[in-house]
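Step one of this worksheet: look at the structure below.
Derivation of every value follows stated rules applied to the coordinates shown; laboratory data play no part. Only a predicted model underlies this, so the values are computations on that prediction, with no experimental measurement involved. Positions of Cβ are backbone-derived with ideal geometry, glycine not excepted, and every protein chain shown enters the neighbour counts.
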Amino acid sequence: MDDFDLPYPQYHCPECGRDLPLNEARLTVTCASHQPEDDLAFVVREAKPSDRGDIEEICDRALGETEIDMFGTTFDVLKSINLIAEANEALAGLLSLSLRRGEAVIVLLSVYPDYQGKGVGAALLRAAQAYSRDHGLPLMRVAISNDDIPLLYFYMRHGFVISDIDVGRLVDDSGSAIAGFSGIAVRDEIHMLRPVCEHR
């Protein structure tokens, strides 16, 4: 398995405050009373052309590029519907949404480490759901890598279910397995979905 370090930290340690690269991050299970409070003031809005530089930067820090392969298709964040979260007049997070076969596809959801655990990702996801509902899109889909346990947890907590797994897709695309979150080998593409409108 090849080692692969992204140039920027993806997570923030709540104990020591250290910014962590992807392969050094670890999970900790805590009770609900030890979760940090969502005390961050932020707004979510649709991106404007003037936000392009900030969008390129968060894409660079998250993945190193703005083009993302999933579902056998290449999506370009810069050509997508981008929803951004701003805190203290700075970009805190981004959710990039594309339309495919009459459904919404979440191309990228990224929140800077300093703003994680404060409700930014959930607010971006609610905005994407509202956008999808307003445009008559019945489903939201997302694809994540098998190592991304934090994102799997996040999406499942917000009503997504696993629809299928493209086993070996990421090894086939990159030519080898690389070390991802917590050193887990990145191999498979996990497909998830949720209805835009919740059933009552």
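For a label point 7 angstrom out from the Cα of residue 18 toward its Cβ, which stretches of region 164-195 have the backbone nitrogen within less than 19 Å?
Inside the label zone: 180-184.
Any idea what % of Cα-Cα pairs in the chain are farther than 20 Å?
Details: 11426 of 19900 pairs.
Of the Cα pairs, 57 percent sit more than 20 Å apart.
Per 0.36 nm of contour for each residue apart, how much would the distance between residue 156 and residue 74 grow if the chain were fully extended, relative to their Cα-Cα spacing? Working shown, then result.
Details: separation 82, 0.36 × 82 = 29.52 nm, distance 2.43 nm.
Value of the extension gain: 27.1 nm.
If we count every other residue with Cβ under 11 angstrom of residue 191's Cβ, Lys/Arg +1 and Asp/Glu -1, where does the sum land? The partial results should precede the final answer.
On the way: positive: 141, 169; negative: 164, 166, 188, 189.
Here the count lands on -2.
Might you report the magnitude of the Cβ-based charge dipole of the chain about its Cα centre, with Lys and Arg at +1 and Asp and Glu at -1, to the nearest 20 debye? All intermediate terms of the calculation are to be shown ahead of the outcome.
Details: 18 positive and 33 negative charges, 184 e Å.
Once rounded to the nearest 20, the dipole reads 880 debye.
So how much slack lies between residue 167 and residue 89, counting 0.36 nm per residue of separation and subtracting their Cα-Cα distance, in nm?
Values: separation 78, 0.36 × 78 = 28.08 nm, distance 4.14 nm.
Gain on extension, residue 167 to residue 89, equals 23.9 nm.
Once fully extended, how much extra length lies between residue 45 and residue 33, figured as 0.36 nm per residue of separation less the alpha-carbon to alpha-carbon distance? It would help to have the intermediate numbers written out before the result.
On the way: separation 12, 0.36 × 12 = 4.32 nm, distance 3.05 nm.
Extra length available between residue 45 and residue 33 comes to 1.3 nm.
Of the peptides 55-65, 86-96, how do they stack up when ordered by the mean number of other Cβ atoms within 10 Å, highest first? Can you show the working numbers first?
On the way: 55-65: 16.6, 86-96: 19.0.
The packing order, highest mean first, is 86-96, 55-65.
For residue 163, what residues show an amide H to amide H distance below 5 Å, using hydrogens built from the backbone and excluding near sequence neighbours?
191, 192, 193
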